[in-house]
Amino acid sequence: MTGASQGIGKACALTLAKHGAKVVAAARTEEKLKAVAAEAEGTIVPIRCDATDEASVDAMFARIKDELGRIDVVFNNAGANMPGTDVGDIEFAEWRRVVGTNLDACFLVARGAYRLMREQSPKGGRIINNGSISAHAPRPGSIAYTASKHAITGLTKTISLDGRKHDIACSQIDIGNAQTDMASRMAHGVPQANGEIAPEPLMDVQVVADTLLYMAGLDLDANAQFLTIMATKMPFVGRG
């Protein structure tokens, strides 16, 4: 599980461990990962990994293979964002940072998991990509984040097709307004499509963790291909 040191990743790691999974928690900050592992009711193995770096991702999967022998579920959760910025004012370096974390890292982790899943015995496994509500509809000033999350849908569909012959299922969870440090600004007001600044409802991040637990627990002959979990009253469905 990437992005496991805080927010959605931390909640999901703790929940999976509590329900008996041996969880590999990956992120760039080792101290935070160790704190998550210490908090767990169950087994969490912290591994420092920069998901945007090919060598770092390959080393993580080599360690998983050597120490654990196999991998059954991967949650591709590492992500980055930037302040709302008009298209014409975005620096290319910021574009690359967001797309590199949200898309390139997702590919690298998915590829590493896929390789191990097709080689292990019995082969197969499940890859779950974190898409976001932005995989469906943008917010104003969010071109880098939205473009990267739309691309995750293509990544998910293609892995699903390629993985069939190896019993590898791939799915996408699209999350809207979970209560995390990253999303806390929603409660204070964020730009809307009509130009207004308005607060938005948030949901408990544990709801996301419980949803991931459900997706991860499915038999490989079934797949929640796309699953949206969102705060009920957030301004997503309808005009606004």
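The values are calculated or read from the model by the stated rules, or taken from the named source; none is laboratory data. Keep in mind the model is a prediction, meaning the values are calculated, not measured. Cβ: placed from backbone, ideal geometry, glycine included. Neighbour counts: every protein chain shown.
Report yes if some residue within the range 140-149 is surrounded by 12 or more Cβ atoms within 10 Å (Cβ to Cβ), under 30 Å from Ser121 (Cβ atoms) and among the aliphatic types (A, V, I, L, M); otherwise report no. So far as the range 140-149 goes, no, none of its residues is surrounded by 12 or more Cβ atoms within 10 Å (Cβ to Cβ), under 30 Å from Ser121 (Cβ atoms) and among the aliphatic types (A, V, I, L, M). Within the range 80-96, not a single residue is out of contact with any Pro (no Cβ under 6 Å at 6 or more places or on another chain), among the basic types (Lys, Arg) and in contact (Cβ under 8 Å) with a residue 12 or more places away in the chain. Residues of the range 89-114 that are touching a Phe, Trp or Tyr at 6+ places or on another chain (Cβ under 8 Å) and under 16 Å from Met1 (Cα atoms): Asn102, Gly112, Ala113. Checked against the criterion of being farther than 17 Å from Ile133 by Cβ, touching a strand residue (DSSP E or B) at 6+ places or on another chain (Cβ under 8 Å) and surrounded by fewer than 12 Cβ atoms within 10 Å (Cβ to Cβ), the range 179-191 contains not a single residue that satisfies it.
Assess whether Gly141 counts as being in contact (Cβ under 8 Å) with a residue 12 or more places away in the chain, in contact with a Gly (Cβ under 9 Å, 6 or more places away or on another chain) and more than 25 Å from Val24 (Cβ to Cβ).
In short, yes.
Only one entry in Glu41, Glu30 is modelled with pLDDT under 95, of a type outside the set (A, V, I, L, M) and surrounded by fewer than 16 Cβ atoms within 10 Å (Cβ to Cβ), namely Glu30.
Specify which of the listed residues (Ala4, Ala51, Ala59, Ala37) is more than 20 Å from Ala183 (Cβ to Cβ), not aromatic (Phe, Trp, Tyr) and not in a helix (DSSP H, G or I). Within the list Ala4, Ala51, Ala59, Ala37, the selection yields Ala51.
Of all residues in the range 9-27, those that are closer than 19 Å to Asn102 by Cβ have Cβ atoms under 9 Å from Cβ atoms of residues that are acidic (Asp, Glu) and part of a helix (DSSP H, G or I), 6 or more apart or on another chain, in Lys10/Glu39. Condition check: among the charged types (D, E, K, R) and assigned to a helix (DSSP H, G or I). Does Asp219 satisfy that? Criteria not met by Asp219.
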